[in-house]
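To start, the structure under review is shown below, and the notes come after it.
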Amino acid sequence: MKNREKSLLERYLPHLALVGCNLLWAFDYPLYHILLPHYLSPMALLFLALLFTALFAIFPLLGRPRERVERRDLPLFVLGALLIGLLHKGFMMKGLSLTSPIDASIINTAGPLVVLFLSVLMGRDRLTSLKVIGLALGLIGAVAVILWGGNEAHQSSDLRGNLMMVGAVTATALYTVWLKQALVKYRVTTILAWVYGIAALLSLPLGVEALWHTPFATWTLKGWLALVAVLLLLTYLPNFLFNLALKRIKPLETSIFSYLQPVAAIFLSVAMGLDRLQFDTIIFAVVIFVGIGLVLFSYKKGDSPASTTGRDLR
């Protein structure tokens, strides 16, 4: 009985971890929108977020033997630091300093489609008619959200910010696909310590300068509370949960859970009075969801990445 319970826990733990990290990441959109650029510059917040993630990543390593990292894998950790640390967070923070948190969260739903596209390019998956249709619909929906940012009805949205969010989505997809094999090889705590330690060091020169010019004395309680929430809750914990799940299940399946983010982010943004939900945004989001639904349906018919490449990516 105990073995069965343990087996069920191991089976569903990655999925529970994905639910947790995506619900936490949903808070990024309203909280970043509060902080940027009124209280902090994107570079200053990026450095603080990476620094706190790196510091939190050290604690799980204390009092236990260090895992040896092979020299040939160091470039992978540097690449991971650039993608998920500097590029993903940098594009996202700059984007949210310019555009609507609702539009940003909707654009993020294109992530699974980008993961599928990259998996096909790398030979880990193959296209079928359903996937082509799903990719096309997802692309149409995402492009519509991006371009409609200039519409007068979307006063808080901005085309430049929307394009920045595309950069953030692409960086996450590259990290999800390229670093899959490294995650299987090393402990999650080891990966986070290396990736975010390197990312914090790379952001140090510009980050310190940006913080130096930040007028902390003029901040209100609202700004301090938002910053504390970001640094304590939205740095290490969601990244640990995400990498824990990515270590055990397929990249595309991992990315699907990002659809929890816009639902939660829209609710939070509207509840906090930071944005309004437009009817056209709902339509575009439905188009994207239908697209990814077709992609998922194609896998239910037996067309899985593992079966098409002859190896299990888990």
Worksheet entry | Sequence of Met92, Met272 when ordered by accessible area, the most exposed leading, probe 1.4 angstrom | Met272, Met92
Worksheet item: About the Cα centre of the chain, what is the dipole size in debye to 20, counting +1 per Lys and Arg Cβ and -1 per Asp and Glu Cβ, all else neutral?
Response: 1360 debye
Worksheet item: Using a 1.4 Å probe, how large is the accessible area of Thr172, given in Å² and rounded to the nearest 10?
Response: 30 Å²
Response to the item:
For Tyr29, the accessible surface traced by a 1.4 Å probe with all protein chains present amounts, in square angstrom to the nearest 10, to 0 Å²
Item to complete: Using a cut-off of 9 Å between beta-carbons, work out the net charge of the residues near Pro101 (Lys and Arg +1, Asp and Glu -1, Pro101 not included).
Response: -3
Discussion item. Rounded to the nearest 10 Å², what accessible area does Tyr259 have for a 1.4 Å probe in the complete protein model?
Written reply: 20 Å²
Worksheet item: Do the alpha carbons of any pairs in Lys94/Lys250; Lys89/Lys247; Lys94/Lys180; Lys89/Lys131; Lys94/Lys185; Lys185/Lys250 sit beyond 24 Å of each other, and which pairs?
Response: Lys94/Lys250; Lys94/Lys180; Lys89/Lys131; Lys94/Lys185
Worksheet item: Could you give the nm distance between label points at Glu67 and Leu233, where each point is 7 Å from its Cα heading toward the beta carbon?
Response: 2.8 nm
Fill in: Dmax and Rg, reported as Rg then Dmax, of the chain (C-alpha, Å)
19.5, 61
Worksheet entry | Whole-Å distance, taken between Cα centres, linking region 104-141 and region 58-74 | 34 Å
Fill in: Distance-filtered residues of region 61-92 - backbone nitrogen under 11 Å, label point 7 angstrom along Leu201 Cα→Cβ
78
Fill in: Per residue accessible area in Å² of the chain, where ligands, DNA and RNA are left out and the probe is 1.4 Å
48 Å²
Worksheet, complete the sentence: Over all Cα pairs of region 175-292, the Kirkwood radius sets Rh, and Rg/Rh then becomes 1.04
Practice prompt. From largest accessible area down, sort Arg187, Arg160; use a 1.4 Å probe on the protein chains.
Written response: Arg160, Arg187
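The values are calculated or read from the model by the stated rules, or taken from the named source; none is laboratory data. Keep in mind the model is a prediction, meaning the values are calculated, not measured. FYI the Cβ positions are ideal-geometry reconstructions off the backbone, even for glycines, and counts take in every protein chain you see. All accessible areas refer to the heavy atoms of the entire protein, side chains included, with ligands and DNA or RNA removed. Shrake-Rupley method; radii C 1.70, N 1.55, O 1.52, S 1.80 Å.
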